[in-house]
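Presented below is the structure to which this report refers.
Every number here is computed from the coordinates shown, using simple stated rules; none is lab data. Predicted, not measured: the structure shown is a model, and the values here were computed from it. Positions of Cβ are generated from backbone atoms using ideal geometry, with glycine treated the same way; all protein chains shown enter the neighbour counts.
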Amino acid sequence: MMFFYTALSRFTEKVGKITQYLGLILVINTALVVALRYLFNWSPIALQEAMTYFHATLFMVGAAYTLKHDGHVRVDVFYQHYSERKKALINLLGTLLLLLPTCLFILIICWPYVLDSWAIYERSIEGNGLPWVYLLKTLLLIQPSLLIVQGVAEALKNLLILKGAALPNDDTEQPGGL
């Protein structure tokens, strides 16, 4: 169980570290769009659409990394005072009863939508827009898949805590910057 937890957790960590760079790329792209618009009165549609692609990818792919580092919003009024074992039980139940079923539902409901987009290699409706709308829509399958991977890792971690096992304290457990 520890091996699977560590492997899944490290996978999410690596994906998250790579995804962090999209924030920098998004800022540069946004600055370029603004500069071109106001300095040269030129607004390339492809650059504007690229902002949407970077933004969507950053948040949808980064969601599992955020989950791994407990960065999602939670109401801690009662939770913060619970013991580690009680927190582990609540987190395990939340993962099994809320996170995983929701992610499976999203995968099932979005699958035909994404397949239809791939079937026609859907493009932007703008003439000079990006030709990869089908790739953007694929994020609707990637996000819940990554959340399932990290959800399984979280469930294993919480089971290990409930069993009293010592969790590894390595670099993958610490959130990092660029």
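In the range 1-112, what is the count of Lys pairs whose alpha carbons are under 25 Å apart, counting only pairs at least 8 residues apart or on separate chains?
So the count works out to 4.
For the range 84-92, take each phi angle, set θ = phi - 60°, evaluate the Karplus expression 6.51 cos²θ - 1.76 cosθ + 1.60, and give the result in whole Hz per residue in order, putting x for glycine and proline.
Working through the residues one at a time gives 4, 5, 5, 4, 4, 5, 4, 5, 5 Hz.
Which ³J(HN,Hα) values, rounded to whole Hz and listed in residue order, are derived for the range 108-120 from phi using the Karplus coefficients 6.51, -1.76 and 1.60 in 6.51 cos²θ - 1.76 cosθ + 1.60 with θ = phi - 60°, glycine and proline given as x?
5, 6, 8, 3, x, 4, 6, 4, 4, 5, 5, 4, 10
Fewest first, what order do F54, F78 take by the number of other Cβ atoms within 10 Å?
Listed from fewest to most nearby Cβ atoms, that is F78, F54.
I'd like the distance between the alpha-carbon centres of the range 89-145 and the range 20-88, rounded to an integer number of Å.
About 17 Å separates the Cα centre of the range 89-145 from the one of the range 20-88.
Could you give me D for the range 16-108, from Stokes-Einstein at 20 °C and 1.002 mPa s, where the hydrodynamic radius is the Kirkwood radius over C-alpha pairs? Units µm² s⁻¹, please.
Once the numbers are plugged in, D ends up at 131 µm²/s.
Please name which of V34, G129, G164 has its Cα lying farthest along the dipole of the range 27-178 towards the positive end, using unit charges on Cβ (Lys, Arg +1; Asp, Glu -1) and the Cα centre as origin.
G164
Using the scaling law 2.2 N^0.38 Å as the reference, what is the normalised Cα Rg of the range 99-146?
1.27
Taking K and R as +1 and D and E as -1, what net charge do the other residues with C-beta under 12 Å from the C-beta of L160 add up to?
That works out to +1.
Top mean-square fluctuation among A64, A165, A155, Gaussian network model of the chain, C-alpha springs under 10 Å?
In this elastic network of the chain, the residue with the biggest mean-square fluctuation among A64, A165, A155 is A165.
Spelling out what I want: for every residue of the range 54-64, take phi, set θ = phi - 60°, compute 6.51 cos²θ - 1.76 cosθ + 1.60 (Karplus), and round to whole Hz; glycine and proline get x.
So the Karplus estimates, Gly and Pro as x, are 5, 4, 4, 5, 4, 7, 6, 7, x, 4, 5 Hz.
List every residue whose amide H lies under 5 Å from the amide H of E122, counting only residues 5 or more places away in sequence or on a different chain, with H placed 1.01 Å from N in the peptide plane.
Y134
Based on Cα coordinates alone, diagonalise the gyration tensor for the chain, multiply each eigenvalue by 5, take square roots, and list the semi-axes in whole Å, largest first.
37, 20, 14
What percent does the relative contact order of the chain come to when contacts are Cα pairs within less than 8 Å and at least six residues apart?
36
Please give the net charge around Q80, taking every other residue with its beta carbon less than 14 angstrom from that of Q80, where Lys and Arg add +1 and Asp and Glu add -1.
0
With n ≥ 4 as the cut-off for DSSP H runs, can you work out [θ] at 222 nm for the chain, using -39500 (n - 2.57) per run divided by the number of residues, rounded to the nearest 500?
Computed mean residue ellipticity for the chain: -25000 deg cm²/dmol.
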